[in-house]
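Please read the structure below before turning to the comments.
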């Protein structure tokens, strides 16, 4: 078995709360990513997906504590915290933030802001950097003569493209995108998603798309993990998630998403709210809201179990499934 | 257009949660937490207590001559005697009352004028705004000391006049601050909603805008107290103060007039100056921390590189 | 999906609303022409009681401005708005007041639409106080009833809460309750669920659904075509200040005629990963509404544009391939 490009193993993140106590935001998240793969990290607000993603880059505040491993090409980059993760930032793993459109320095030209990481990480200098920045801009669909313009002269969609160019400045292997199209119109969203897919293909770039928008993941990703209350509820190919979900939350989340094609099918909401993460959770975190909860759910925490080829789920409904033989 | 980034610590708390109910940005929240706020408040409280208790602490006439002119500090008179042979300690205590009284009242006058101008200009906009803001600008430009001298000369030297003069000079920054705040609150969705359902201007101002603006006004008023006390001090120092009352500024003026420096009588000059400094410091500390906490600038969460901690992994299914 | 056979509750005809764009001192000195954002550029539609009409489109299409014009929150420069037969465009604020009881609005941001210093009960009671309705006890009863309709039961649990103690979904329910307490006839819902989690949205939208079944007319503004497809009776697609296609929901979704609608529907992501289809991604972005293209406003980006499209500004009419007489599209090629 070849080493995956990126592997998260049992990632846990705690935040110290100002009044004392801890918020356990990420509770044992594991998944793997291969080169060139498009992976979705899906969940609603507060499920820990953004925190998990920030952990991969080590971009956490001082009140955060991490446990578990994030292995890049087999090496645990979180082993000694900032010291081991910073050499990989931007060089190997880069990120496009939510609201990246507004993350530009208004008094610096867009071109120079794309060159900046090249200088910082000693990738290129001077004229070479300038040329590479212009090429990147062209690649993301911005004419290179716009490199000398300022961010306010760009529209929202163009700025998002520029943010993607900036993320690619040091030719990373992995691109993390946090809600990259959330604030964009549906047509611009389609353009940006198309861009991300083509970039992933051309540069053999692995893509982790973090979003709450299930249909976006359905259209763009090969595999996805659905997160709930800081844990992975289910992880599988996107086809399996929709057609053969093994966790009620996955099924209900899809059912709660209206779809153009669904005709008269009822859209359901999921009653209740996610559990608090500053207290210990007993049993399955989804149990209070689950429509299929039964005896063990309230008291026993379900383990993430293999329920098919590249398909894991943490639900007692799968308890009868014996571990299939590994391929 | 979906839910914004939730800071790590704010994620996933259940809906109805009364325990976490303290509203960020309320005055109580700040006053009880920030060390600078506590320090400032302590200083002000101390002086306020002195002022309130001064009739008890000082029996008889503090100006009474009890010893030689500029008598040095001694056991019975810890801060010595002034140019008229009166006990400095008693004079200071008596002066606390006046200085603080003028300070607070003038600050209130300023706050009232500034607050009203700010709210009206910010809420109504248009011509009202232009007229009020131009007026504010004119007041800003007028040099305060010459104005005070002229006013004192014209209207006589009484406490009331001083309060009014100070009040009338210092309302301008308040007006600007409040106007800016009102402009932003006016655009908030809940104000628009109230307007959409037919609420009149009065209701919008008093029920929706003023409560949002009040904390900032309070914070600003505390700062105004600092300005006002200082203003009173130098008005009195210039000899324009009310001759019939004792204030710290008056004490300093007297000391200068009686040649305290020539007599090396530092105890006649420094203590009153120190009192003024301390009160102004206290009010500024308290006022600044309030303003910092209440200023509607959003706290920006920084994704800057920081030192997070790494914990060795414990057993996989520990219920944390 | 009941429609009242009689006169529509709301009739909008050729509505025009625009905002001036600042030129600045330099611009004025150089005598640059005064520019305007043509937010609403000739919009006509009707809404019946017990009907939900969704105004859909991307940002800048004018859907929010149209809704605000209907509520007389922004000034219009042309066209007519008739509510229950009465022309409301020229009315003074005083004359508008009684109308403010009959038309209500729910806003997009549940975190901003409630006054943080007002308890839930006070927020919901406010409309009654503004219009001086009922005694204190009667108002309290109305508040409780509104909370129940909005799904916040038992009402006593919520009346004394502050907004910051509630989740986004609960806050939006409070906002809905506050809009219902005056028993309006028309409710404008501006992106009512776009800031809420997916699992919570259906709950909120089902409230609007039921209210519609009980005779309330709902004008829903949304950029989310999937939501509109599910809940609305009719859809009107807007582009650069005009309605380019409208009709019964099923008809517009399954048989779109206008090229813009077709492109839009093709790029909306679907839940089923097997349903990736061939998205028709238009190049570039929607131009701003200051300089509206001549002829058909969509022609610069239209995959079907011909020479005539640059000169002819099409009217809304029934396309040849439509299956419903109420299905209209503004395109000379269909």
Practice problem: Can you tell me which residue within region A:66-82, out of those that are in contact with a helix residue (DSSP H, G or I) (Cβ under 7 Å, 6 or more places away or on another chain) and more than 7 Å from every other protein chain (Cβ to nearest Cβ), is farthest from residue A:189 (Cα to Cα)? | Solution: A:77
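Every residue, every condition in (1) out of contact with any strand residue (DSSP E or B) (no Cβ under 8 Å at 6 or more places or on another chain); (2) modelled with pLDDT of 90 or more; (3) within 24 Å of residue B:171 (Cα to Cα), yes or no:
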site: B:188; (1), (2), (3): yes, yes, no
site: B:191; (1), (2), (3): yes, yes, no
site: B:199; (1), (2), (3): yes, no, no
site: B:203; (1), (2), (3): yes, yes, no
site: B:210; (1), (2), (3): yes, yes, yes
site: B:219; (1), (2), (3): yes, no, yes
site: B:236; (1), (2), (3): yes, no, yes
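Matching residues to (1) at pLDDT below 90; (2) under 18 Å from residue B:225 (Cα atoms):
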{"site": "B:133", "(1), (2)": "no, no"}
{"site": "B:136", "(1), (2)": "no, no"}
{"site": "B:143", "(1), (2)": "yes, no"}
{"site": "B:148", "(1), (2)": "yes, yes"}
{"site": "B:152", "(1), (2)": "yes, no"}
{"site": "B:157", "(1), (2)": "yes, no"}
{"site": "B:161", "(1), (2)": "yes, yes"}
{"site": "B:166", "(1), (2)": "yes, yes"}
{"site": "B:170", "(1), (2)": "yes, yes"}
Self-check item: Enumeration of residues in region A:284-300 that are under 15 Å from residue A:248 (Cα atoms) and assigned to a loop (DSSP other than H, G, I, E, B)
Solution: A:284, A:285, A:286, A:290, A:291, A:292, A:293, A:294
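Just to verify a result, which residue in region A:54-65, among those that are outside any loop (DSSP other than H, G, I, E, B) and surrounded by 22 or more Cβ atoms within 10 Å (Cβ to Cβ), is farthest from the other protein chains (Cβ to nearest Cβ)?
The selected residue is A:56.
Go through region A:143-163 and report how many residues are buried (at least 20 other Cβ atoms within 10 Å of the Cβ) and over 17 Å from residue A:187 (Cβ atoms).
To start, the set of residues in region A:143-163 that are buried (at least 20 other Cβ atoms within 10 Å of the Cβ) comprises A:147, A:151, A:157-163.
From the residues that got through so far, the ones that are over 17 Å from residue A:187 (Cβ atoms) too are A:147, A:151, A:162-163.
The total comes to 4.
Among residues belonging to region C:127-145 that are within 13 Å of another protein chain (Cβ to nearest Cβ) and more than 17 Å from residue B:193 (Cα to Cα), point out the one that is surrounded by the most Cβ atoms within 10 Å (Cβ to Cβ).
Let us first name the residues in region C:127-145 that are within 13 Å of another protein chain (Cβ to nearest Cβ), namely C:127-133.
From what's left, more than 17 Å from residue B:193 (Cα to Cα): C:132-133.
Working: C:132: 6, C:133: 16.
Only one residue tops the list, namely C:133.
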Exercise. Looking at (1) out of contact with any strand residue (DSSP E or B) (no Cβ under 8 Å at 6 or more places or on another chain); (2) touching a residue at least 40 places away in the same chain (Cβ under 8 Å); (3) assigned to a loop (DSSP other than H, G, I, E, B), find the lone condition where residue B:95 falls short.
Key: (3)
Quiz item: Just one of A:209, A:253, A:241, A:214 is surrounded by 24 or more Cβ atoms within 10 Å (Cβ to Cβ), touching a helix residue (DSSP H, G or I) at 6+ places or on another chain (Cβ under 7 Å) and more than 10 Å from every other protein chain (Cβ to nearest Cβ); which is it?
Solution: A:209
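Results for (1) more than 25 Å from residue B:227 (Cβ to Cβ); (2) at pLDDT 60 or above; (3) within 11 Å of another protein chain (Cβ to nearest Cβ), shown as yes or no for each residue.
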| site | (1), (2), (3) |
| --- | --- |
| B:286 | no, yes, no |
| B:289 | no, yes, no |
| B:299 | yes, no, no |
| B:311 | yes, yes, yes |
| B:317 | yes, no, yes |
Quiz item: Considering C:206, C:194, which residue is under 30 Å from residue A:153 (Cα atoms) and modelled with pLDDT under 95?
Solution: C:194
Quiz item: Looking only at region A:24-53, which residues are facing chain B (nearest Cβ under 7 Å), in contact with a helix residue (DSSP H, G or I) (Cβ under 7 Å, 6 or more places away or on another chain) and part of a strand (DSSP E or B)?
Solution: A:25
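Taking the options C:305, C:229, name whichever one is surrounded by fewer than 23 Cβ atoms within 10 Å (Cβ to Cβ) and at pLDDT below 95. If you could, list the steps in order and put the result at the bottom.
Details: C:229 fails: surrounded by fewer than 23 Cβ atoms within 10 Å (Cβ to Cβ).
When all the criteria are applied, what remains is C:305.
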Quiz prompt | Count - residues of region A:162-198 that are more than 11 Å from chain C (Cβ to nearest Cβ) and over 17 Å from the mean Cα position of the chain (by Cα) | solution = 7
Quiz item: Can you pull out the helices (runs of 4 or more DSSP H) entirely within region B:133-222 that have at least 2 residues that are under 20 Å from residue B:112 (Cβ atoms)?
Solution: B:144-155, B:159-186
Quiz item: Going by the structure shown, is residue A:105 over 29 Å from residue A:251 (Cβ atoms), surrounded by 17 or more Cβ atoms within 10 Å (Cβ to Cβ) and more than 9 Å from chain B (Cβ to nearest Cβ)?
Solution: no
Self-check item: Which numbered condition residue A:138 fails, given (1) without any contact (Cβ under 8 Å) to a residue 24 or more places away in the chain; (2) buried (at least 18 other Cβ atoms within 10 Å of the Cβ); (3) touching a helix residue (DSSP H, G or I) at 6+ places or on another chain (Cβ under 7 Å)
Solution: (2)
Self-check item: Residue satisfying condition, being closer than 26 Å to residue A:270 by Cα and away from chain A (no Cβ under 14 Å), within set C:196, C:205, C:180
Solution: C:180
Quiz item: What do you reckon, is residue C:79 surrounded by fewer than 21 Cβ atoms within 10 Å (Cβ to Cβ) and touching a residue at least 12 places away in the same chain (Cβ under 8 Å)?
Solution: yes
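Inside region C:249-270, can you point out the residues that are more than 10 Å from chain A (Cβ to nearest Cβ), crowded, with 22+ Cβ neighbours inside 10 Å, in contact with a helix residue (DSSP H, G or I) (Cβ under 8 Å, 6 or more places away or on another chain) and assigned to a helix (DSSP H, G or I)? Can you show your working first?
Pass one, region C:249-270, residues more than 10 Å from chain A (Cβ to nearest Cβ): C:249, C:251-252, C:255-259, C:261-262.
Imposing the further condition that a residue be crowded, with 22+ Cβ neighbours inside 10 Å reduces the set to C:252, C:256-259, C:261.
Next, from what is left, pick out any that are in contact with a helix residue (DSSP H, G or I) (Cβ under 8 Å, 6 or more places away or on another chain): C:252, C:256, C:261.
Scanning region C:249-270 gives C:252, C:261.
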Exercise. Would you confirm whether any residue within region B:82-91 is surrounded by fewer than 15 Cβ atoms within 10 Å (Cβ to Cβ) and either touching a helix residue (DSSP H, G or I) at 6+ places or on another chain (Cβ under 6 Å) or at positive phi (or both)?
Key: no
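Would it be correct to say that residue C:277 is more than 14 Å from chain A (Cβ to nearest Cβ), assigned to a loop (DSSP other than H, G, I, E, B) and on the phi > 0 side of the Ramachandran plot? Give the steps one after another, and end with the answer.
On the way: more than 14 Å from chain A (Cβ to nearest Cβ): no; assigned to a loop (DSSP other than H, G, I, E, B): yes; on the phi > 0 side of the Ramachandran plot: yes.
It is false that residue C:277 is more than 14 Å from chain A (Cβ to nearest Cβ), assigned to a loop (DSSP other than H, G, I, E, B) and on the phi > 0 side of the Ramachandran plot.
Residue under question is residue A:85, and the condition is that it be in a strand (DSSP E or B), more than 8 Å from chain B (Cβ to nearest Cβ) and buried (at least 24 other Cβ atoms within 10 Å of the Cβ); does it hold? Before you say what the answer is, go through the steps one by one.
Working: in a strand (DSSP E or B): no; more than 8 Å from chain B (Cβ to nearest Cβ): yes; buried (at least 24 other Cβ atoms within 10 Å of the Cβ): yes.
When the stated conditions are applied, residue A:85 does not pass them.
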Quiz item: Any idea how many residues of region A:222-232 are closer than 13 Å to residue A:37 by Cα and surrounded by 24 or more Cβ atoms within 10 Å (Cβ to Cβ)?
Solution: 1
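Can you tell me which residue is farthest from the other protein chains (Cβ to nearest Cβ) among those in region A:1-23 that are part of a strand (DSSP E or B) and surrounded by fewer than 22 Cβ atoms within 10 Å (Cβ to Cβ)? I'd like the intermediate steps shown before the answer.
Here is the first cut: in region A:1-23, the ones part of a strand (DSSP E or B) are A:6-16, A:22-23.
Imposing the further condition that a residue be surrounded by fewer than 22 Cβ atoms within 10 Å (Cβ to Cβ) reduces the set to A:7, A:9-10, A:16, A:22.
On the way: A:7: 14, A:9: 9, A:10: 6, A:16: 8, A:22: 8 Å.
Once the filter is applied, the top-ranked residue is A:7.
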Quiz item: Considering region C:146-177 alone, what residues qualify as being over 26 Å from the mean Cα position of the chain (by Cα) and more than 8 Å from chain B (Cβ to nearest Cβ)?
Solution: C:153, C:154, C:155, C:156, C:159, C:160
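The values are calculated or read from the model by the stated rules, or taken from the named source; none is laboratory data. Fair warning: this is a prediction, and the values are worked out from it, not measured in the lab. Here the Cβ is made from the backbone with ideal geometry for all residues, glycine too, and neighbour counts use every protein chain on show.
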